[in-house]
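Take a look at the structure below.
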Amino acid sequence: MAEKKEARIGVFVCHCGTNIAGSIDVEAVKEYARTLPNVVHADDYQYVCSTPGQTMITDAIKEHDLTGTVVAACSPRLHEPTFRMATKVGGLNPFRFEMANIREQNSWVHMHDREGATEKAKDAVRIAVAKASLLEDLIPKSVPVEHAAMVVGGGVAGMQAALDLGNAGIKTYLIERSPTIGGRMSQLDKTFPTLDCSQCILTPKMVDVGRNENIELMTYTEVAEVEGYIGNFEITLRKKARGVLTPDEAEARGIVGGGCNGCGDCVEVCPVIKGNEFEFEMAPRKAIYIYHPQVVPNLYTVDFNTCIKCGLCVEACGEKKAIDLEMVDELIKVKVGTAILATGYDLFPIENKTEWGYKKYENVITGLEFERLICASGPTGGHLVRPSDGETPKKVAFVLCAGSRDNTGVGKPYCSRFCCMYSLKHAHQIIEKIPGAQPYLLYMDIRSFGKMYEEFYYRIQDEGAKFIRGRVANILEDPVTKNLHVFTEDTLLQRPIDLEVDMVVLASAVQPTTGADAVRKLFGVSCSQDGWMLEAHPKLNPCGTTTAGVFLAGVCQGPKDIPDTVAQAEGAASAASIPIHRGEVELEPYFAQCNEELCAGCGMCVNLCPYSALALVEKDGRKVMEVTEAKCKGCGTCGGFCPGGAIHMQHFTTPQIVAQIDAFLLGGEQ
Amino acid sequence: MHEYAFFLGCIAPNRYPGCEAASIKTSEKVGIKLLPLEGASCCPAPGAFGSIDLNIWYAMAARNVVLAEQMDRDIALICNGCYKSIYEVNHILKHNDELRDGVNEVLKEIDMEYKGSIDVWHLAELYYDPKICGVDKIRESVTRPLSDTKIAVHYGCHLMKPRKERHFGDTDHPMWIEELVAALGAEPVQYRNKMQCCGAGGGVRGFDLEHSLDITNEKMINLQEVGADALTEVCPFCQLQYDRGQIEIEEKFGIKYGLPVLHYNELLGLAQGMSPDELALDLHAVDVTPFLEKIL
Amino acid sequence: MAMEKNYGNPSLEAKLKDRYYYSDDTNRDFTKEVEKIGRTIAHMCYQCGTCTGSCPSAPRSSYRIRLFMRRAVLGLEDEALTDPDLWLCTTCYSCTDRCPRDIAPTDVIMAMRNLAARRDIVPRNFLKTVQAIYTTGHGVPNNDVNRAARVKLGLEAEPPTTHGFPEYIEGIKAIIDHYGLKDRADKILSEGE
């Protein structure tokens, strides 16, 4: 701690070009600052965050022997770190800096009230100066970082992130709640615009994940609980009862050479038949099952919701003894330094748009169902057929923006971003596979924004797809032929259309997966208005979250296609590896501190603390509270409550807050 | 007994009085008492009146609501057009202070005040509502089941649409009136584009009769396809369009259908044992006899 | 501003009329007025065509609800109010149910009709309904055949509405007169004869 001396504050008012100066009289704010108690220097500058602007701060600290700095500019979320650094370079403790937000909370919202905005800016500066005068030196605490990471979600995003982390030498837990990794991409037939076979490019990655010695793949597993903070997350996983042992698990039970080898003998004898969710129930599976032949791990799973425990599978498995019908869920604790969420998407339940008749009309299907029907490994061996009669459809309508760009409350207001392109791909696929096929794309706008996407649009139009610019109003089914009549307006022709087709494919909107909300809450991640997980900054920190050490990859953050998903996954992996490679992280020193002389040891605060950071300990023969600083987030709950006033909140001390309130209410009078 | 102020509108009392008589008698058998709403007027016609000046439409409809407020009874009615005016204006005025103040300024001149103290219901929804009546009670009231008849349902537009301003849910594939029809022992049949408009609304019947009938004719083609013995609806204005409209279609387009059109309350009356005379079915433009022969 | 041709030949001028849309064709107040009367966000239309695709009048006429929405967005007042297609909407509300932008196109039409009526553009049958309601309280009044049928059914010859209680008609007249609608209806109908 520096020795106590009279506060000497420097104030710097930023123009931010015209962002602030356009609606606030910066000169007047600066002149006003000079009249405030403890202010010995005030200045203004076009962009205080620029190098000359920062130099202005460092020079002033030395020249005027300042004890604290105030910058009136934008949100601390943007430039607090910048000005703390400038304060530090000037020779002060970086926590002797206070920011007055006169942009987001002022100039941008009071654009048409220059006088009022200027007065409000003066208030903000006065309040900041009051606090700055009482700021103390604080020393950030460093904590070691666990040399391990977790990725939640085993789709292409999670797999890529896990591979990058693993290849960077970091122990990585890849958690997937379904029995196999692969995610949505493994359900796709081909990918746009290259028309690569989706499985062909994905399965090598799946195999790599299975083989990577740094990746611990945990399928059929969910996150149950998250404790801790960046560098030291303690995560409890629920390993769901799978009913089947891996060879390692078998060996651990003393069954030598046993465990599931994926032979499938069990399936033959299982008497329970259920719809395979991987095939959207268009193909059957048994109560003991794998989704498809390329699953990783190649390990069967018992669906205990439908299993009748007849034991036939156990018999069929024989000496491998891989099946345990009495298995129960298991809780496992792991410790990681950082985590990446990659929980993906589901389709919006498009039957809620009753006008399109999904689930009412047999030949109305979704884009993902189309993928399975056109895929060689799908339920029909790649022959696209009408669910009603097994006939090959010739005329197929693709309904774009099915539930996307929809502000009715039934549907999603956003663009789902990949439906235009996959519908183009679908059109190509039927032209290629079905002689004489005629695809119609009913669209509002074709959004082909990516690399080689517009070229792909050109190609598909050239191949003969017909584009009708009109959003589909409704669909009616011919009860006899089960053909569908698609109604819209060809807005370019300005005529209503009754388009009779054999099949309709709804390019349904996408939404976060069920359970994504629960996962994000466990990790303390917010969601944006549209329900997707919220990134730390939409432009400059799209992989990060507001929870330090937690990152996002793929569609869980917002709709994106495979290239963007993989790119974000690599970005998230890189970001998540930084704290791990540095080996330690600095925590902001906003801890609660206990004044043991005042503490009565009542323990009320211990129960109130949402982060389990407080405990009662014996000291000098009496009980007092002790803070685990690494766990404390500085929320202030304990400090606000403590009946004895024994808890000191660093950087938000009672005298500091009272000074701020006084400064506001008393208008600067002491 | 659940008591309601019975809002008649125009077409039921003045063109199809059997609907009025049937409603009063059939509802009483299922625990609903319809009380006369004295001095009520045209709702007023949402197409004609609303198109000219919505403010007058609000005020005129509000006057009818106030009459029921003075009786301290909710309104029950049997016409979708009336439902549009009375239900919707009541709903709008309950939630929009500005419009409500405007309406009350006018009503003050005739010593009335809209308070927003009652609700408005279509009798069909009261029939369907198990808290008031319910399908079972309708079924139990039947003494002469309409067996071996195929009946198609026309829901009409203004009862259920716009969906967001109503409470009936799905407006594309509704089935609740079919349930009420099945309760009478008849077989409800589905037909193409069931939810399409009858063609009469919005003043179009008066503005361009041929246009209006061309819409009706499309419905008739779709109805003919499934061999319905009768068409039922819950709106005398739709009934007028289908019933008289068939005669007009014959006159103008030279096509004859002869499909009997009956308000649900008329059907219910028949199923409860009322005679055709008690329902004034002779006032229907399309001869109802072929249908009656199947059930009598 | 559209170019004046001044060819001195009305049929040629009509044929060669300047078809450009000029930004000063837009009347912003029209958009606002339509939104206020219709209580809906007409300016948010993105022209997807769902409305026309839902419309029972579109397949049998030149009426395109989407075009009226466009006119609402652009404030093309004259074009909207003088187009006779304005009166072909059956107000079935299918477009309103389906509009993805949560606009009520039907109520946009109703608002435009209200504004057309202010210019005395109203179909005659609408005004005759007004006259009937003014005098009897009913748009479709009672008649002798019906009275006889009512009596046969055991109902009063006049229903218990303004027909049975004509003292209530004064109140109806007062409301309609408050807006001067009866006089306007009479005037427009007599001028048209």
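The values are calculated or read from the model by the stated rules, or taken from the named source; none is laboratory data. None of these values were measured; they are calculated from a predicted model. Reconstructed Cβ throughout: ideal geometry from the backbone, glycine too, with neighbour counts over all protein chains shown. For accessibility, only protein heavy atoms count, side chains too; no ligands or nucleic acids. Shrake-Rupley method; radii C 1.70, N 1.55, O 1.52, S 1.80 Å.
Highlighted here are the helices (runs of 4 or more DSSP H) found entirely within the stretch B:180-296 that include at least 1 residues which are within 14 Å of chain C (Cβ to nearest Cβ) and open to solvent by less than 10 Å² (accessible area, probe 1.4 Å): B:204-207, B:209-225, B:236-253, B:264-271.
Touching a residue at least 12 places away in the same chain (Cβ under 8 Å), part of a helix (DSSP H, G or I), open to solvent by less than 10 Å² (accessible area, probe 1.4 Å) and more than 10 Å from chain B (Cβ to nearest Cβ): is that true of C:VAL73 in this structure?
no
Restricting to the stretch C:48-70, count the residues that are assigned to a loop (DSSP other than H, G, I, E, B), within 18 Å of C:CYS89 (Cα to Cα) and facing chain A (nearest Cβ under 8 Å).
Step one: filter the stretch C:48-70 for residues assigned to a loop (DSSP other than H, G, I, E, B), giving C:48-49, C:55-57, C:61-64.
Pick out the ones that are also within 18 Å of C:CYS89 (Cα to Cα) and you get C:49, C:55-57, C:61-64.
Of the ones still in play, those that are also facing chain A (nearest Cβ under 8 Å) are C:49, C:55, C:64.
Of the residues in the stretch C:48-70, 3 are assigned to a loop (DSSP other than H, G, I, E, B), within 18 Å of C:CYS89 (Cα to Cα) and facing chain A (nearest Cβ under 8 Å).
For the stretch C:158-191, which residues satisfy the criterion of being assigned to a loop (DSSP other than H, G, I, E, B) and touching a residue at least 12 places away in the same chain (Cβ under 8 Å)? Result: C:GLU158, C:PRO159, C:THR162, C:HIS163. State whether one or more residues within the stretch A:498-507 are within 14 Å of chain C (Cβ to nearest Cβ) and exposed (fewer than 15 other Cβ atoms within 10 Å of the Cβ). Yes: the stretch A:498-507 contains one or more residues that are within 14 Å of chain C (Cβ to nearest Cβ) and exposed (fewer than 15 other Cβ atoms within 10 Å of the Cβ). Does the stretch A:236-244 contain any residue that is under 25 Å from A:ALA575 (Cβ atoms) and assigned to a loop (DSSP other than H, G, I, E, B)? No.
Just to be sure, is A:ARG520 open to solvent by less than 60 Å² (accessible area, probe 1.4 Å), part of a loop (DSSP other than H, G, I, E, B) and either in contact with a strand residue (DSSP E or B) (Cβ under 7 Å, 6 or more places away or on another chain) or in the same structural domain as A:ASP389 (by TED's automatic domain parsing) (or both)? In short, no.
This table checks each residue for (1) touching a strand residue (DSSP E or B) at 6+ places or on another chain (Cβ under 6 Å); (2) of a type in the set (Ser, Thr, Tyr); (3) assigned to a loop (DSSP other than H, G, I, E, B); (4) surrounded by fewer than 18 Cβ atoms within 10 Å (Cβ to Cβ).
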site: A:GLU351; (1), (2), (3), (4): yes, no, no, yes
site: A:LEU373; (1), (2), (3), (4): no, no, no, no
site: A:PRO393; (1), (2), (3), (4): yes, no, yes, no
site: A:ASP406; (1), (2), (3), (4): no, no, yes, no
site: A:GLY411; (1), (2), (3), (4): no, no, yes, no
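Taking the criterion of being open to solvent by 20 Å² or more (accessible area, probe 1.4 Å), assigned to a helix (DSSP H, G or I) and facing chain B (nearest Cβ under 10 Å), the residues of the stretch C:97-131 that qualify are C:ASP97, C:ARG98, C:ASP107, C:ARG118, C:ARG124, C:ASN125, C:LYS128, C:THR129.
Tell me yes or no: at least one residue of the stretch B:29-44 is of a type in the set (A, V, I, L, M, F, W, C) and part of a helix (DSSP H, G or I).
Of the stretch B:29-44, the ones of a type in the set (A, V, I, L, M, F, W, C) are B:30, B:32, B:34-35, B:37, B:40, B:42-43.
Then keep just the ones that are part of a helix (DSSP H, G or I); that gives none.
Checked the stretch B:29-44: no residue is of a type in the set (A, V, I, L, M, F, W, C) and part of a helix (DSSP H, G or I).
Yes or no: the stretch C:144-154 includes at least one residue that is in a helix (DSSP H, G or I), within 7 Å of chain B (Cβ to nearest Cβ), small (Gly, Ala, Ser) and over 24 Å from B:MET112 (Cβ atoms). Checked against the condition, which is being in a helix (DSSP H, G or I), within 7 Å of chain B (Cβ to nearest Cβ), small (Gly, Ala, Ser) and over 24 Å from B:MET112 (Cβ atoms), the stretch C:144-154 yields at least one hit.
Scanning the stretch C:162-191 for residues that are polar (S, T, N, Q) and in contact with a Gly (Cβ under 9 Å, 6 or more places away or on another chain) returns a single hit, C:THR162. When A:THR488 is tested against (1) in contact with a Leu (Cβ under 7 Å, 6 or more places away or on another chain); (2) more than 9 Å from chain C (Cβ to nearest Cβ), exactly one condition is not met: (2).
Limited to the stretch A:458-472, what total is found for residues that are more than 14 Å from every other protein chain (Cβ to nearest Cβ), open to solvent by 20 Å² or more (accessible area, probe 1.4 Å) and of a type outside the set (S, T, N, Q)?
Quick first cut of the stretch A:458-472, residues more than 14 Å from every other protein chain (Cβ to nearest Cβ) only: A:458-466.
Cutting the leftovers down to open to solvent by 20 Å² or more (accessible area, probe 1.4 Å) gives us A:458-459, A:461-464, A:466.
Within this subset, residues satisfying the condition of being of a type outside the set (S, T, N, Q) are A:458-459, A:462-464, A:466.
Residues that pass the stated criteria total 6.
Got a number for residues in the stretch B:9-42 being farther than 20 Å from B:PRO276 by Cβ, at the interface with chain C (Cβ under 9 Å from one of its Cβ atoms) and open to solvent by 10 Å² or more (accessible area, probe 1.4 Å)? The total comes to 3. Between A:THR481, A:THR488, A:THR514, the distinction of being among the polar types (S, T, N, Q) and part of a strand (DSSP E or B) belongs to A:THR488 only.
Quick check on the stretch B:55-66. Is at least one of its residues surrounded by fewer than 24 Cβ atoms within 10 Å (Cβ to Cβ), β-branched (Val, Ile, Thr) and facing another protein chain (nearest Cβ under 7 Å)? Yes: one or more hits. Criterion applied to A:VAL296, A:VAL336, A:VAL302, A:VAL269 was being over 23 Å from A:GLY155 (Cα atoms) and in contact (Cβ under 8 Å) with a residue 24 or more places away in the chain, and the one residue passing it is A:VAL269. On the given criteria, is A:ILE475 assigned to a loop (DSSP other than H, G, I, E, B) and either crowded, with 17+ Cβ neighbours inside 10 Å or of a type in the set (A, V, I, L, M) (or both)? When the stated conditions are applied, A:ILE475 does not pass them.
Checking the conditions here, which among A:THR628, A:THR547 is modelled with pLDDT under 90 and under 27 Å from A:ASP530 (Cα atoms)? So that I can check it myself, show each step before the final result.
Values: A:THR628 fails: under 27 Å from A:ASP530 (Cα atoms).
It is A:THR547.
Would you check if A:GLU455 is within 14 Å of another protein chain (Cβ to nearest Cβ) and either closer than 30 Å to C:SER54 by Cα or open to solvent by 20 Å² or more (accessible area, probe 1.4 Å) (or both)? Criteria not met by A:GLU455. Would you pick out the residues in the stretch B:93-147 that are surrounded by 15 or more Cβ atoms within 10 Å (Cβ to Cβ), of a type in the set (Val, Ile, Thr) and more than 17 Å from B:VAL66 (Cβ to Cβ)? Across the stretch B:93-147, the qualifying residues are B:ILE132, B:VAL135, B:ILE138, B:VAL142.
Restrict the check to the stretch B:105-126 and report whether at least one residue is of a type outside the set (A, V, I, L, M, F, W, C) and closer than 23 Å to B:MET175 by Cβ. Give the steps one after another, and end with the answer.
Initially, the stretch B:105-126 is screened for residues of a type outside the set (A, V, I, L, M, F, W, C), giving B:105, B:108-109, B:111, B:113-117, B:119, B:122, B:125.
Keeping just the survivors that are closer than 23 Å to B:MET175 by Cβ gives B:122, B:125.
Yes, some residue in the stretch B:105-126 is of a type outside the set (A, V, I, L, M, F, W, C) and closer than 23 Å to B:MET175 by Cβ.
Can you pull out the residues in the stretch C:1-51 that are in contact (Cβ under 8 Å) with a residue 40 or more places away in the chain and small (Gly, Ala, Ser)? Answer for the stretch C:1-51, where residues must be in contact (Cβ under 8 Å) with a residue 40 or more places away in the chain and small (Gly, Ala, Ser): C:GLY38, C:ALA42. Residues in the stretch C:15-30: is at least one at pLDDT 95 or above, open to solvent by less than 50 Å² (accessible area, probe 1.4 Å), more than 10 Å from chain A (Cβ to nearest Cβ) and closer than 16 Å to C:TYR93 by Cα? No, the stretch C:15-30 has no match at all. Do we find a residue being part of a helix (DSSP H, G or I), among the aliphatic types (A, V, I, L, M), more than 9 Å from chain C (Cβ to nearest Cβ) and open to solvent by less than 10 Å² (accessible area, probe 1.4 Å) anywhere in the stretch B:70-92? Taking every residue of the stretch B:70-92 in turn, at least one turns out to be part of a helix (DSSP H, G or I), among the aliphatic types (A, V, I, L, M), more than 9 Å from chain C (Cβ to nearest Cβ) and open to solvent by less than 10 Å² (accessible area, probe 1.4 Å).
Against the numbered list (1) within 9 Å of another protein chain (Cβ to nearest Cβ); (2) over 15 Å from the mean Cα position of the chain (by Cα); (3) among the β-branched types (Val, Ile, Thr); (4) surrounded by fewer than 24 Cβ atoms within 10 Å (Cβ to Cβ), C:ILE37 comes up short only at (2).
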